[in-house]
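Below you'll find the structure, written out as structure tokens, and then a few comments.
The values are calculated or read from the model by the stated rules, or taken from the named source; none is laboratory data. Note that the structure is a prediction, hence the values are computed from the model and not measured. A quick note on method: Cβ atoms are made from the backbone with ideal geometry, for glycine too, and the neighbour counts reach across all protein chains shown. Protein only, heavy atoms only, side chains kept; ligands, DNA and RNA dropped before computing areas. Shrake-Rupley method; radii C 1.70, N 1.55, O 1.52, S 1.80 Å.
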Amino acid sequence: MSRVIVLGALSAIGEATARLYAADSARLVLAGRNIERLEQVGSDLIARGAAAARSWQVDFAACADPAGELERMAAHLEGPVDAILLFFGALGDQALAERDPGEAARIIDVNFTAAVPWCLAAAALLERQKAGALVVVSSVAADRGRQSNYVYGAAKAGLGVLVEGIAHRLARSGAHAVTIKAGFVDTPMTAHLKRGGPLWAKPATVARDIRAAAERPGRPIVYTPWFWRFIMLVVRNVPAFVFHKTRL
Amino acid sequence: MTGFVGQDQFLSWGRVERVHQDVAAPAFRDELKGLLAQPDNRSLLAVGLGRSYGDSCLNGGQRLIDMTRLDRLIALDSTGGIVQAEAGLALGDLLRRIVPKGWFTTTVPGTRHATLGGLLANDVHGKNNHRAGSFGRGVRRLSLLRSDQGQIDLASGEGSDLFAATIGGLGLTGIITSVELELTPIRSAWLDVERIAFGHVRDFFRLAAESAGSHEHTVAWIDCTARGSELGRGIFQRANWLDDGDLVPHAESALSVPFEAPSALLNSVVIRAFNGLYWRLQKSGRARQRMHYAPFFFPLDKVSHWNRLYGRPGFYQYQCLVPPSAAEAAIEELMREIEASGAASALSVLKTLGPSRSPGMLSFAREGATLALDFANRGAPTLALLGRLDDIVRQAGGRLYPAKDGRMPADMFRAGYPEWTSFAAHVDPRFSSNFWRRVAR
Ligand SMILES: Cc1cc2nc3c(=O)[nH]c(=O)nc-3n(C[C@H](O)[C@H](O)[C@H](O)COP(=O)(O)OP(=O)(O)OC[C@H]3O[C@@H](n4cnc5c(N)ncnc54)[C@H](O)[C@@H]3O)c2cc1C
Ligand SMILES: NC(=O)c1ccc[n+]([C@@H]2O[C@H](COP(=O)([O-])OP(=O)(O)OC[C@H]3O[C@@H](n4cnc5c(N)ncnc54)[C@H](OP(=O)(O)O)[C@@H]3O)[C@@H](O)[C@H]2O)c1
């Protein structure tokens, strides 16, 4: 039975991941801002086999003491924490961010600034335990700045470097950290985009990779679905004079 | 907050009609109210996994609410066998939770990729219809969200007209937000399945009558491509649940048809060859077999997106129901008409339905025989053939299944469902569908 803290349990990918743990009778803390929705997700996870699903109301960007909050969540799990999973984030509006510094700040805040103290708190907790995984969901958008979403990409890139550093820090501790670089996933975050086609994955598919990453140390960066590793290898290496002719 | 986004990717299972619709896919029930309160007067329709073949799950130029993200279990009582869930929960997902605990839904259709809301709105029937009745019989309660009355909780047995209108109500009475179902106990995930080859429709009816008492599940595959004296040959399948305690649920299928096939792929030569081969394999195969529920109930789910095999033009399913007295003659006549046309039905399924009353006003299932046929869409000749089949069905006092229909004339619908006028009084003023505009206007 695993013990798992889900930061951003109302995200579609987060909920899909929690379902995988529930099927194996995990004990879960579900953190997010809307308590009624958390209760709905929690009842579902219980019906799907979770041993416990505790709703935890928190605004990650407005929390004064992430470390303390995380400790209290862990205490609820009554035992060592196997995984701390971080899902919260927002795509934001790139075009708006170019005109309105407030939107740019919001994108950086949610995806980076707010996530940093939670990651550091998680690292400290897992380091003390000498076991467990921190898995943080970043994006393939972090691999190369593109005109369509580079503010978001920059925030996720910053987050990726942070988690890479934590992975290094934890390397000899028994705990580990992973950055997930997710491709296009069919969730409310991408509802406004034109979707469909082989590049689009379901949350459940991505969730399987996230869970596998939490259980297997030694791979600090995981692309999901797997083929994005190769797509991004190409995208990163396309020379600028070619790349700049695209509207990606 | 999820909003509506214009797109042209949502197709029904037959893929004949391609329409532009504004689609919203809410992730939480509390978003539904906002989606109903759109300022303009374009109509709405809630849909599930789009496994209806025709246009009852389409709302061209208007709005769709994709319910599939609302797929949470609300409560599962695994002692009493009652489950409450959001309407977008897929049957397959539900079965994976309840089978290991020794439960099954009261009936299932031929696919597990259908949502509870969709199963309810079509009041689907299964291979055990002669015992368990239609899906609606297992519905204890449902919650409906309407544009004019807000949230309404309805229970079976209260004599509510709105409840009866919603079961089999084609999504027109409002959004079904959650459903409470009574479950059936099982002691195994496996069935004892028997296959009997028959040479004539007459033999089918004899087998069906003789098995109704002894077997919980019956269905027949008919070789509608056979000619002359072989016309009407088929394989009758009957089964009962085993009780060996092995409650392993199904696994998700891995095979898929990734792209639309060229439309010439499923031509009548291929279909004839396929049906002939299937006939020979099945006739000589093992007569009795222990079989898991997934291949027994959901044989087509083995390959996802198999509907793409029909290519760009898509296909029509034609499913009729004819009353018992006229059944044998009508089914024979339908098959002769198909034979004469030279068109080939890739897959033809024949089943007798039992006398138990379906709870919905527009429920399709009632006592008689139902024949389901798949025809590649070849345009005018296909539609002309289906028109001739209509005449036979009408003569026999039968009707067509809206879940499978994308073309029946309005008068055919009205003749088959005389209750449609009382039903119409319960339609939510903001709701409509391509199907409804076609048959009721
Ligand atoms: C391979 C295959 C085999 C099948 N076998 C059978 C069979 O044996 N017996 C049988 O009866 N049917 C059968 N069907 C048909 C299928 O069971 C029905 O069409 C079913 O309703 C599909 O569910 P769905 O979630 O895809 O609904 P959709 O097709 O998306 O919608 C169906 C209807 O339900 C309404 N609806 C859906 N969700 C809601 C909601 N939440 N609130 C209000 N209205 C809603 C829609 O408006 C629409 O009118 C089969 C289909 C396939 C593809
Ligand atoms: N979908 C994709 O294609 C894709 C691709 C790559 C990476 N990702 C990443 O995957 C993660 C999950 O996203 P998703 O696709 O599952 O989208 P989602 O369903 O929209 O989830 C985003 C979640 O973040 C929460 N959140 C944002 N700010 C918050 C705050 N201050 N406090 C509490 N919660 C907050 C949102 O909660 P509220 O509902 O309360 O706002 C929402 O539940 C995100 O980090 C995203 O960047 C997604």
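Where strands (runs of 3 or more DSSP E) fall entirely within segment B:1-100, those with at least 2 residues that are crowded, with 24+ Cβ neighbours inside 10 Å and away from chain A (no Cβ under 14 Å) are at B:44-47. Among residues belonging to segment A:6-21 that are out of contact with any Ser or Thr (no Cβ under 8 Å at 6 or more places or on another chain), within 18 Å of residue A:212 (Cβ to Cβ) and more than 10 Å from chain B (Cβ to nearest Cβ), point out the one that is surrounded by the fewest Cβ atoms within 10 Å (Cβ to Cβ). For segment A:6-21, the residue satisfying everything is A:20.
Within segment B:124-143, being away from ligand 1 (no atom under 13 Å from the Cβ) and part of a strand (DSSP E or B) holds for B:140, B:141.
Only one of the numbered conditions (1) more than 14 Å from chain B (Cβ to nearest Cβ); (2) out of contact with any His (no Cβ under 8 Å at 6 or more places or on another chain); (3) open to solvent by 10 Å² or more (accessible area, probe 1.4 Å) is not met by residue A:54, and that is (2). When segment B:333-352 is filtered for residues that are closer than 16 Å to residue B:202 by Cα and either modelled with pLDDT of 95 or more or more than 23 Å from the chain's Cα centre (by Cα) (or both), the ones remaining, listed by number, are B:333, B:334, B:336, B:349, B:350, B:351, B:352.
Of the listed requirements (1) without any contact (Cβ under 8 Å) to a residue 40 or more places away in the chain; (2) under 18 Å from the mean Cα position of the chain (by Cα); (3) open to solvent by 20 Å² or more (accessible area, probe 1.4 Å), residue A:143 misses just one: (1). Exactly one residue out of A:143, A:186 is touching a Lys or Arg at 6+ places or on another chain (Cβ under 7 Å), more than 14 Å from chain B (Cβ to nearest Cβ), away from ligand 1 (no atom under 16 Å from the Cβ) and among the acidic types (Asp, Glu), and it is A:143.
The listed residues are B:375, B:413, and the only one of them that is within 16 Å of ligand 1 (Cβ to nearest atom), assigned to a helix (DSSP H, G or I) and in contact with a helix residue (DSSP H, G or I) (Cβ under 8 Å, 6 or more places away or on another chain) turns out to be B:413. Would you tally the residues in segment A:190-208 being buried (at least 17 other Cβ atoms within 10 Å of the Cβ), within 18 Å of residue A:141 (Cα to Cα) and either touching a residue at least 24 places away in the same chain (Cβ under 8 Å) or away from every other protein chain (no Cβ under 11 Å) (or both)? Here the count works out to 3.
The residue list A:106, A:37 contains one member that is more than 14 Å from chain B (Cβ to nearest Cβ) and assigned to a helix (DSSP H, G or I), which is A:106.
Considered as a group, the residues in segment B:165-196 that are within 22 Å of the chain's Cα centre (by Cα) and open to solvent by 20 Å² or more (accessible area, probe 1.4 Å) include one that is nearest to residue B:287 (Cα to Cα), and that residue is B:184. Only one entry of B:373, B:383 meets the criterion of being open to solvent by 50 Å² or more (accessible area, probe 1.4 Å), aliphatic (A, V, I, L, M) and within 20 Å of residue B:307 (Cα to Cα), and that entry is B:383.
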